[in-house]
Amino acid sequence: MTPLIAIAFVAALVVLGALWMHSRRELIRLESRLEEALSNLDRLQRAFVRFAPHPLVEKVIGSDDPLAGEVKEVTVLFADLAGFTALSERLPASTLVRVLNGYFDCMNDAITEYGGHVTTFLGDGLFALFGAFEPNPWQSNDAARAALGMRIALARYNEELANQGLPKLAFGVGLHRDTGLAGLIGSKQKLDFTVAGGVVNIAARVQSHTRECGVDILITREVRNALDPRYIVRELPAANLRGVGRPVEVFALEALKGANEADHG
C-alpha cells in the first residue's frame, strides 16, 4: 500500500468514524426524545382515564373516526338523592360539597365494580351505562348487582354520616334496557361519551317514579326479562310516565338470592 493510499484510507476511516459517532449521538438523542414523548403520552393517557373509561381512551387513540356513533343495546342506570333540596338548605356549602363528594365516591365504586361507567354527574344525581363499550349479554345483571351494591354502599356511608352528626341520605335508582345511540356527543369545545335515545328518557322517568312507589330501586320489564332467576323482584302497577307514550311495566328490585354484603364489596 502506497503512502498516499494509506493516508486516504486512514482519512476515510476518520470520516466514517466521525459519521458513525454523529449518527450514534443522533440516535441516542432521538431515542431520548422518543422515550420522553412516550412518557408524556402515558401521563396524558393516565390523566385522561380520570375523565373517561379506559376502553374509550383506547378507542379515541386508535380510531380513525372516534366520533362515529354506534347503535348499541345498553342498560341505563339513573340515581338521584331524595330530599336533597331540603338538605342543601340545612347544611353549610362546604359540608354539603363534602357529603356529596363522599356519596358520589361510594356510588361510583359500586358501579365500576360491576363494569358500569358513570358518564355524568347531574347535581345530586348520576347517569351510568352498562354494555355501552362492547357487547355484554350480562349487562342487566351487572347493572342490577351495581344497584344492590349502591344500596349497601349508601347504608355504610349513612353510618359514617351519623357518626359525624350529619343527616342520612336516601336515593332512588331506575334501570332500563334498550337500544340507543352510543358515542362521543357534544360541542366542539366539550364532548362526553354518552347514549342518546328513548332508553335514557325511560330510565330517568323510572328513577323519578321510585318516589311514588316508595321503593329505592325500580327496574323495567326489559331489565327484568334479562335478569338471572336468583334476583328477587316485586311487580308493581304499570306506570304512566311523562314523555312515554305507553304504560311501562315496573318491578321493585329487592335482593339477590345467596348474596351477602361481602358480594358487594
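Could you go through the stretch 221-228 in sequence order and give the Karplus-derived ³J(HN,Hα) for each residue, using 6.51 cos²θ - 1.76 cosθ + 1.60 with θ = phi - 60°, rounded to whole Hz, and x for Gly and Pro?
Karplus values, whole Hz, x for Gly and Pro: 4, 4, 6, 4, 5, 9, 7, 4.
If you wrap a convex hull around the Cα atoms of the stretch 65-264, how much volume per residue is inside, in Å³?
Per residue, the Cα convex hull of the stretch 65-264 comes to 130 Å³.
Which FRET efficiency, nearest 0.05, do Ala162 and Asp109 yield, Cβ-Cβ r, R0 22 Å?
According to the calculation, E is roughly 0.65.
Can you compute 3J(HN,Hα) from phi for each residue in the stretch 134-151, using the Karplus curve 6.51 cos²θ - 1.76 cosθ + 1.60 with θ = phi - 60°, rounded to whole Hz and x for Gly and Pro?
8, x, 9, x, 9, 4, 5, 4, 4, 5, 5, 4, 4, 4, 5, x, 5, 4
So between Ser88 and Arg24, what do we pick up on full extension, going 0.36 nm a residue minus the alpha carbon distance?
Extending this stretch completely gives an extra 16.5 nm.
Every number here is computed from the coordinates shown, using simple stated rules; none is lab data. Given the structure is predicted, the values throughout are model-derived calculations rather than measurements. Every residue, glycine among them, receives a Cβ derived from its backbone with ideal geometry; neighbour counts consider all protein chains shown.
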